[in-house]
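Data block below; observations after.
The values are calculated or read from the model by the stated rules, or taken from the named source; none is laboratory data. Quick caveat, the model's predicted, so the values are computed rather than measured. Glycine also receives a Cβ, built like all others from the backbone with ideal geometry; neighbour counts cover every protein chain displayed. Surface accessibility is based on the protein's heavy atoms, side chains included, excluding ligands, DNA and RNA. Shrake-Rupley method; radii C 1.70, N 1.55, O 1.52, S 1.80 Å.
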Amino acid sequence: ISFAYEDINEVTLLRGQAKNERSDIDFVDWSVREPFDSERADYIRSKIAERINQASVTVVYLSADTAKSNWVKWEVEKSIELGKKVIATFAGNTAPPPPTFIGTLGIEMIPWKDLGTALKKI
């Protein structure tokens with residue numbers, strides 16, 4: 001899951017829903033609190049790239065804060081570079097205005113309630 005750290009509470013709920021025995025969704029994520037330009041950023045990027053490479057799909061949680069996160073943008077771009085499918089999801093029925101890179105990269109936006117069905121089609 002790629003998300004702005006400001007959305008940790010919502011993402012924690014999504015993680016919990018994915019752990020439901022009836023859910024076909026399984027998330028592996030590595031939350032980063034480190035600034036994108038910190039001294040450890042290269043090391044963190046290498047570790048995140050390893051996780052992305054292990055994933056079948058990168059799910060981006062969209063909110064009003066997503067566009068503020070350089071990490072989310074980098075994770076999406078790295079996912080595409082590694083040949084991974086990227087899907088954006090959001091709470092409720094109406095997506096927040098997506099960051100420019102979501103539209104530019106042609107990433108599909110799906111309500112969270114429909115994410116499981118969309119992932120089965122991949």
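Points to keep in mind about this one:
- Residue count for the stretch 84-101, restricted to those that are among the β-branched types (V, I, T) and open to solvent by 50 Å² or more (accessible area, probe 1.4 Å): 2.
- Against the test of being open to solvent by 50 Å² or more (accessible area, probe 1.4 Å), under 17 Å from A4 (Cβ atoms) and among the acidic types (D, E), the options E39, E108, E77, E81 yield a single qualifying residue, E77.
- Residue list for the stretch 90-122, restricted to those being modelled with pLDDT of 95 or more and of a type in the set (S, T, Y): none
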